[in-house]
Amino acid sequence: MSLIKSSAKLYYDCSNNFNFIALHKEFGLKDDFGTWYRLTLLHIWMILTRLQQTMEAYSYCYVKKMVTQNFHHDKTNRYNTVYKDQPSLKLKRRSNFRQLYYDVYMNSLFEYDDGFLGDDKYLAAAVWRALYLMEDEADIIYIERVVRYIRATLHFLDKIDTEVLLERGLDNWEPADDIVKKRVKLGEN
């Protein structure tokens, strides 16, 4: 499979194959565009972190570039869809839309990389800064759940052969599926 197709599939898996509803509830996040953006970015970072370990540098950089391009195109399309019926709100937000989301993108990748290299305290601080955008009211219980989710997901991804990941993508995010099963068992939606 070509790296172009692999990148498109991996991006699709990062943006659509995790259970958004279960994760935003489990992590105490709002059900909105910004949360979708930040959770998708987290999944992109996890996939790219996994691929960077085993891919040849040029191929990895190409996949990263293509996944990022797909992400930014999709983000813009979704944004336009969300605000299509509210033109005045869309125009107000549009003026700083690109810069704001680009800043969140760059900052999040840096924060997650930095946090990943440290222990769970460092990763928790990175999650608070990148996913919760330094909200004073962010509950440490939710942040701890995200840290456990990241560690479990990276462990899950490490078990998948790189060629298989590039060929087939990721049909499910097993740790996210476990969260869904737990919520169903507890009778939560």
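The values are calculated or read from the model by the stated rules, or taken from the named source; none is laboratory data. Source: prediction; values computed, not measured. Positions of Cβ are generated from backbone atoms using ideal geometry, with glycine treated the same way; all protein chains shown enter the neighbour counts.
Please go through segment 64-89 and give me each residue that is modelled with pLDDT of 80 or more and of a type in the set (D, E, K, R), ordered by number. Break it down into steps so the answer makes sense when it comes.
Here is the first cut: in segment 64-89, the ones modelled with pLDDT of 80 or more are 64-81.
Lys64, Lys65, Asp74, Lys75, Arg78, listed by residue number.
Starting from residues that are free of Cβ contacts under 8 Å to residues at least 60 places away in the same chain and crowded, with 16+ Cβ neighbours inside 10 Å, keep the ones in segment 15-32 and report whichever is nearest to Glu163 (Cα to Cα).
This residue is Ser15.
Scanning for something of a type in the set (A, V, I, L, M), within 30 Å of Tyr62 (Cβ to Cβ) and without any contact (Cβ under 8 Å) to a residue 12 or more places away in the chain, does segment 170-189 turn up at least one residue? Step through it out loud before you land on a result.
Residues of segment 170-189 of a type in the set (A, V, I, L, M): 170, 176, 179-180, 184, 186.
Then keep just the ones that are within 30 Å of Tyr62 (Cβ to Cβ); that gives 170, 176.
Narrowing further to those that are without any contact (Cβ under 8 Å) to a residue 12 or more places away in the chain: none.
Scanning segment 170-189, I find no residue that is of a type in the set (A, V, I, L, M), within 30 Å of Tyr62 (Cβ to Cβ) and without any contact (Cβ under 8 Å) to a residue 12 or more places away in the chain, so the answer is no.
For segment 164-189: of the residues being more than 24 Å from Tyr142 (Cβ to Cβ) and surrounded by fewer than 19 Cβ atoms within 10 Å (Cβ to Cβ), which is modelled with the lowest pLDDT?
Checking each candidate, the answer is Asp171.
Quick one: which helices (runs of 4 or more DSSP H) sit completely within segment 1-63 and have at least 1 residues that are modelled with pLDDT of 95 or more, over 18 Å from Val127 (Cβ atoms) and not hydroxyl-bearing (Ser, Thr, Tyr)?
Helices (runs of 4 or more DSSP H) meeting the threshold: 3-16, 33-54.
From Thr35, Thr54, which residue is closer than 21 Å to Gly115 by Cα, free of Cβ contacts under 8 Å to residues at least 40 places away in the same chain and hydroxyl-bearing (Ser, Thr, Tyr)? So that I can check it myself, show each step before the final result.
Values: Thr54 fails: free of Cβ contacts under 8 Å to residues at least 40 places away in the same chain.
Answer to the check: Thr35.
How about segment 112-134: which of its residues are outside any loop (DSSP other than H, G, I, E, B), buried (at least 22 other Cβ atoms within 10 Å of the Cβ) and under 14 Å from the mean Cα position of the chain (by Cα)?
Tyr112, Ala126, Val127, Ala130
State whether the residues of segment 148-161 include one that is of a type in the set (Val, Ile, Thr), over 27 Å from Tyr60 (Cα atoms) and in contact (Cβ under 8 Å) with a residue 40 or more places away in the chain.
We begin by selecting, within segment 148-161, every residue of a type in the set (Val, Ile, Thr); these are 150, 153, 160.
Filter again for over 27 Å from Tyr60 (Cα atoms), leaving none.
No, every residue in segment 148-161 fails to be of a type in the set (Val, Ile, Thr), over 27 Å from Tyr60 (Cα atoms) and in contact (Cβ under 8 Å) with a residue 40 or more places away in the chain.
Evaluate segment 37-51: report whether one residue or more is surrounded by fewer than 18 Cβ atoms within 10 Å (Cβ to Cβ) and touching a helix residue (DSSP H, G or I) at 6+ places or on another chain (Cβ under 9 Å).
The first filter runs over segment 37-51 and keeps only residues surrounded by fewer than 18 Cβ atoms within 10 Å (Cβ to Cβ), leaving none.
No, segment 37-51 has no match at all.
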